[in-house]
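Undergrad: Got a structure for you, questions after.
The values are calculated or read from the model by the stated rules, or taken from the named source; none is laboratory data. Only a predicted model underlies this, so the values are computations on that prediction, with no experimental measurement involved. Methodologically, a virtual Cβ is constructed for each residue, glycine included, from the backbone with ideal geometry; neighbour enumeration extends over all protein chains shown. Each accessible area value is taken on the protein alone, full model and side chains, heavy atoms only, with ligands, DNA and RNA left out. Shrake-Rupley method; radii C 1.70, N 1.55, O 1.52, S 1.80 Å.
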Amino acid sequence: MKTRNEIVADFGVDPDSLPDQRGLRSWAFEPYLELHHQTACAALSPLLNDLRDHWMQGHQRKPNPEKQDNFVSCLRVILLNLIRVRTVDAGLTVGISSSKGALQTEVRYRPGFMSVHYHLNALKLLQQRGLVWMAKAGHQQEDFSETSRYALTEAACDLLPVSDLAAQDFSIGRRDEVIRLKDTNRRLTRYPDTPETRTMRANLLRLNDLLEGIDISTTRPANLLSDFDDEYSGETRGLCRVFNNGSFDQGGRFYGGWWQYAKKHLRPFITIDGQPTIEADFKGLHPAILFAKNDLPIPPDPYAFVPGITKNHALRRHAKTTFLALLNAGKGGTTEPRDFDSDTHGMTAGEFRQIVESAFPMLPGIFGTGIGLQLQREDSDLAEQIMLHFADKGVPVLPVHDSFIITAQHKDELVKVMKAVFYDTYNQIPTITLTSPT
């Protein structure tokens, strides 16, 4: 790969001056966003009061103080979301829903002040006053939807204390609801509480209590754009469990911790209360579970049945993503492997997908049934047991779905517990891999 100086010499162009080719990036709207910068908060208050007064002019009867506070809180959290992304990158936007139906089903997952009516009117007023603009309209397709994306106007950037702030001045407060259910369109939806959901919630609140009392950092500065996945939308440590397709039998994995969105190269730099950490990973967890449930011995590398991958890291990565996609896919199949270099591998992506499908005759009927989400419920229950074991001892564990980050001094115990929890459920011992600090 050419160096920056070589590119400048060859083309007479500084690569830093080239336009951003990533397309319009967006962070998710965070209703529990908070700002911890006293000067900036003080500067924001007069604008919020002015917007409140303008809003009240449209009412024949003056709203009571509680309603005024609720509306101002909606204005504030929308502006905080937009200010925060501006401090990270001027090209970032925020996805903010303006669909009454979608917002109504998400009431359970928002702060009490954020009614559908106040949220929509706050967003509308901010646009009318020239502070916020819609960078991209939302749209709904048969199998894909995208929320409208918004950004601050330049006038708002001049008016608000944007230049005085950094992303570190913001935090995400404790969410009121940590058990989250999505419908078949992947939208948050309502559900009635049961003894099961109450138990899961109590366990998770206990784990979050432990996480809130520790410092989770990195030994080197992290770049919010290059060191994190596109799903990253700010630092938070509070976890939630997310279930899918309107069923508590599907999904259930733990989400929310910022470390889960850190790319693999950054995770070895993570520290807990200043202590170095290790990451322990179930090797090929879903195929391992399937082998165990079919009374077959778990191979050291469950993906090794795919020909040609043992010495080819790129091909092994494609084998893993394709296998998991086939587990999650219904009858329509999957487009994995994506970004497949046919010239390098000597076959098309479709041909490789067929090789993966044919490599597991000992596990009949596992592909094209959507069983992957059921397996996620099983692996998330394993994760809960592992984390609760350490919570009993006051030891925090950071989950990354099928792997766990813990201070290095607890490495041996973590491996032992992971194996024991898996054995208690499936009567076999899985392979555990370790990643140590860089």
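Undergrad: In what sequence, highest mean first, do 359-365, 414-420 appear when ranked by Cβ atoms within 10 angstrom?
TA: By packing density, highest mean first, the sequence is 414-420, 359-365.
Undergrad: For the stretch 93-227, what does the accessible surface come to per residue with a 1.4 Å probe? Please give it in Å².
TA: 52
Undergrad: Hey, what did the stretch 19-80 get for relative contact order, percent, Cα under 8 Å, at least 6 apart?
TA: 51
Undergrad: Averaging sequence separations of C-alpha pairs under 8 Å and six or more residues apart, then dividing by the length of the chain, give the relative contact order as a whole percent.
TA: Relative contact order, the chain: 14 percent.
Undergrad: Taking the Cα centre of the chain as origin, work out the dipole magnitude from +1 charges on Lys and Arg Cβ and -1 charges on Asp and Glu Cβ, in debye rounded to 20.
TA: Dipole of the chain, to the nearest 20 debye: 860 debye.
Undergrad: Roughly how many percent of the accessible protein surface of the stretch 277-357 is carbon and sulfur, given a 1.4 Å probe and a whole-percent answer?
TA: 50
Undergrad: Another question, then. Would you mind checking the pairs Lys62/Lys136; Lys283/Lys393; Lys136/Lys182; Lys182/Lys416 and listing those with alpha carbons more than 29 angstrom apart?
TA: Going by Cα-Cα distance, Lys62/Lys136; Lys182/Lys416 fall outside the 29 Å limit.
Undergrad: Just the number, please: carbon plus sulfur as a percent of the accessible area of the stretch 23-91, 1.4 Å probe, no ligands or DNA/RNA counted.
TA: 45
Undergrad: Give me the net charge for the shell around Asn427: Cβ to Cβ below 11 angstrom, other residues only, Lys and Arg +1, Asp and Glu -1.
TA: -1
Undergrad: Under the rule of at least 5 residues apart or a separate chain, name every residue whose amide H is placed under 5 Å from the amide H of Lys136.
TA: For Lys136, whose amide H was placed from the backbone, the distant partners under 5 Å are Arg149.
Undergrad: What are the ³J(HN,Hα) couplings of the stretch 193-208, residue after residue, when phi is run through the Karplus curve with 6.51, -1.76, 1.60 and θ = phi - 60°? Round to Hz, x for glycine and proline.
TA: Each residue of the stretch 193-208 in turn: 6, 9, x, 5, 5, 5, 5, 4, 5, 4, 5, 6, 5, 5, 5, 5 Hz.
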